[in-house]
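What follows is one structure encoded as structure tokens, with my remarks underneath.
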Ligand SMILES: NC(=O)c1ccc[n+]([C@@H]2O[C@H](COP(=O)([O-])OP(=O)(O)OC[C@H]3O[C@@H](n4cnc5c(N)ncnc54)[C@H](O)[C@@H]3O)[C@@H](O)[C@H]2O)c1
């Protein structure tokens, strides 16, 4: 059985492809290896995947429909996991077109391929950022998410709407996963946990926004991968109980489901920094700044649906997860 993983050279795509290949699945990875962050890191992840076997890689841009078709012609793909996207909230303020091209045009091409090649299950990355201006905590997939505060979040919300249309019109089972601040070895250099580690080690000042008054539901990469693996064989069914007079936004009469996938245990930003200081053995120099445009003060995932449906239970504490990350960082960079 072949599984297509888009964004395979990315942080989550790399870990997921590695685990899938180790489990004996044939993984077809695609990625355009763009330079949003260090391409060398993406290439090193790919080297590891290519050495470990059960993995074929194609460098291509999702937004180019013509490049995608031959892959679906060449292999019998049953499951598609779409992780390729232009990620990052802050970058989206000044680079909206990159988000439209990868996250909207690219996702349309994936949906069309799923339609024409009869894919049994499409799993795709959404984001906690869709909760935007919501204030009800923990964030629940039963809540409306109609107030995104960045174009990144708007494209992720759009992906959920587009997926619903394809589930409804063409009976494609689709599962959208709202990831909550994923971290771990081989992580993303644009994210705060990575830049903080770098700056603390190098003795540079870290920028802490909203004067440190933030909480994040940091989720360790292995827990995310475990959740996705468990979902492979659980495509959503037509929900016969779905009530159009009182519609649950996370479900549908079509084979469509949205889950939060987070740690369900938010950490105060200043506690997070203290844990990093302890692990690195050095005090951070901190510049306190006001809230940034597009940012959210808090993220906290209600994961009750994922617990009920697949027994998802994140197993990694922030101390253990950051220990793994800092150890990897030192080996990789120092
Ligand atoms: N890491 C997180 O905390 C987090 C949180 C919420 C959502 N997400 C989402 O999860 C997914 C994976 O995130 P990640 O952290 O691994 O990010 P990443 O940037 O490391 O991985 C994304 C990969 O997609 C590739 N890509 C981008 N546009 C492409 C295109 N048009 N065609 C082909 N490849 C393309 C990039 O080169 C990159 O390797 C993304 O959709 C992201 O928005 C991640």
remark   = Residue hits (the range 9-20; more than 8 Å from the ligand (Cβ to nearest atom) and either within 24 Å of residue 90 (Cα to Cα) or surrounded by 20 or more Cβ atoms within 10 Å (Cβ to Cβ) (or both)) are 15, 16, 17, 18, 20
message = Every residue in the range 114-134 that is within 11 Å of the ligand (Cβ to nearest atom) and part of a helix (DSSP H, G or I), please.
response = 128, 129, 130
inquiry  = Cβ-Cβ under 6 Å, sequence separation 6+ or interchain: first residue in the range 1-30 and under 16 Å from residue 58 (Cα atoms) and touching a residue at least 60 places away in the same chain (Cβ under 8 Å), partner near the ligand (Cβ under 8 Å from one of its atoms) and in a strand (DSSP E or B). Which pairs?
reply    = 6/30; 6/82; 7/31; 8/31
query = Condition test on residue 111, is it touching a residue at least 24 places away in the same chain (Cβ under 8 Å) and within 12 Å of the ligand (Cβ to nearest atom)?
reply = no
ask   = Scanning the range 35-63 for residues that are touching a residue at least 40 places away in the same chain (Cβ under 8 Å) and within 9 Å of the ligand (Cβ to nearest atom), which turns out nearest to residue 91 (Cα to Cα)?
value = 36
request  = Could you check, for the range 232-242, whether at least one of its residues is farther than 19 Å from residue 18 by Cα, within 16 Å of the ligand (Cβ to nearest atom) and not in a helix (DSSP H, G or I)?
outcome  = no
request  = Name every residue in the range 289-311 that is closer than 15 Å to residue 142 by Cα and part of a loop (DSSP other than H, G, I, E, B), in order of residue number.
outcome  = 300, 302, 303
request  = Return yes when residue 203 is more than 24 Å from residue 237 (Cβ to Cβ), near the ligand (Cβ under 10 Å from one of its atoms) and in contact (Cβ under 8 Å) with a residue 40 or more places away in the chain and no when it is not.
outcome  = no
ask   = Can you tell me which residues in the range 171-198 are more than 19 Å from the chain's Cα centre (by Cα) and either in a strand (DSSP E or B) or surrounded by fewer than 17 Cβ atoms within 10 Å (Cβ to Cβ) (or both)?
value = 171, 198
ask   = Mind checking whether some residue in the range 208-216 is within 14 Å of the ligand (Cβ to nearest atom), closer than 20 Å to residue 80 by Cα and in contact with a helix residue (DSSP H, G or I) (Cβ under 9 Å, 6 or more places away or on another chain)?
value = no
ask   = Could you count how many residues in the range 150-168 are within 19 Å of residue 96 (Cα to Cα) and more than 18 Å from the chain's Cα centre (by Cα)?
value = 0
remark   = Within the range 59-82, the residues that are closer than 17 Å to residue 118 by Cβ and part of a strand (DSSP E or B) are 77, 78, 79, 80, 81, 82
message = Looking at the range 144-165, can you tell me whether even one residue there is over 26 Å from residue 8 (Cβ atoms), within 14 Å of the ligand (Cβ to nearest atom) and at pLDDT 95 or above?
response = yes
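The values are calculated or read from the model by the stated rules, or taken from the named source; none is laboratory data. Just so it is clear, the structure is predicted and the values come from calculations on it, not from any experiment. Glycine gets a Cβ as well: all are built from the backbone with ideal geometry, and neighbour counts include every protein chain shown.
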